Amino acid sequence: MPIVTIQQSAGRTAKQRKELVHGITEAFGKCYGLAPEAVTIFFQEFQDDQWGKDGKLQVDRVKK
């Protein structure tokens, strides 16, 4: 029973998350032969001041 955790910036819509959950679940079914109820997916969203890349907080990277 796989558990998938997706860590991402906040801002995706519920529709986008639904489509992603559907696609990931289908992929596990196709590749591993699992029933949909065997796949659990969690979203963990972060604001841009809660993560960084290249030595900078994301909030500073997106400011132009």
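The values are calculated or read from the model by the stated rules, or taken from the named source; none is laboratory data. Everything quoted here is computed from the prediction, not taken from an experiment. Don't worry about glycine lacking a Cβ; one is built from the backbone with ideal geometry, like all the others, and counts go over all protein chains shown. Areas reflect the complete protein model, heavy atoms only, side chains present, ligands, DNA and RNA absent. Shrake-Rupley method; radii C 1.70, N 1.55, O 1.52, S 1.80 Å.
Being touching a Phe, Trp or Tyr at 6+ places or on another chain (Cβ under 6 Å) and surrounded by 12 or more Cβ atoms within 10 Å (Cβ to Cβ): is that true of GLN58 here?
yes
Output the qualifying pairs, or none if there are none: Cβ atoms under 7 angstrom, residues six or more apart or on different chains, first residue in the stretch 48-64 and touching a residue at least 40 places away in the same chain (Cβ under 8 Å) and of a type in the set (S, T, N, Q), second residue part of a loop (DSSP other than H, G, I, E, B) and surrounded by 13 or more Cβ atoms within 10 Å (Cβ to Cβ).
Filtered contacts from the stretch 48-64: GLN58/ASP48; GLN58/TRP51.
Does THR25 meet the test of being touching a strand residue (DSSP E or B) at 6+ places or on another chain (Cβ under 6 Å) and either hydroxyl-bearing (Ser, Thr, Tyr) or under 25 Å from LYS63 (Cβ atoms) (or both)?
Considered against the rule, which asks whether it is touching a strand residue (DSSP E or B) at 6+ places or on another chain (Cβ under 6 Å) and either hydroxyl-bearing (Ser, Thr, Tyr) or under 25 Å from LYS63 (Cβ atoms) (or both), THR25 comes out as no.
On the given criteria, is GLY29 assigned to a loop (DSSP other than H, G, I, E, B) and among the small types (Gly, Ala, Ser)?
no
Which residues, taken from the stretch 1-27, are open to solvent by 50 Å² or more (accessible area, probe 1.4 Å), hydrophobic (A, V, I, L, M, F, W, C) and in contact (Cβ under 8 Å) with a residue 24 or more places away in the chain?
Hits for the stretch 1-27 are MET1, ILE3.
Taking into account only those residues within the stretch 36-54 that are assigned to a loop (DSSP other than H, G, I, E, B) and open to solvent by 60 Å² or more (accessible area, probe 1.4 Å), which is farthest from LYS18 (Cα to Cα)?
Residue satisfying both the conditions and the ranking: ASP54.
Results for (1) modelled with pLDDT of 95 or more; (2) of a type outside the set (A, V, I, L, M), shown as yes or no for each residue.
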residue: THR13; (1), (2): yes, yes
residue: VAL21; (1), (2): yes, no
residue: GLU26; (1), (2): yes, yes
residue: ALA35; (1), (2): yes, no
residue: PHE46; (1), (2): yes, yes
residue: ASP54; (1), (2): no, yes
residue: LYS63; (1), (2): no, yes
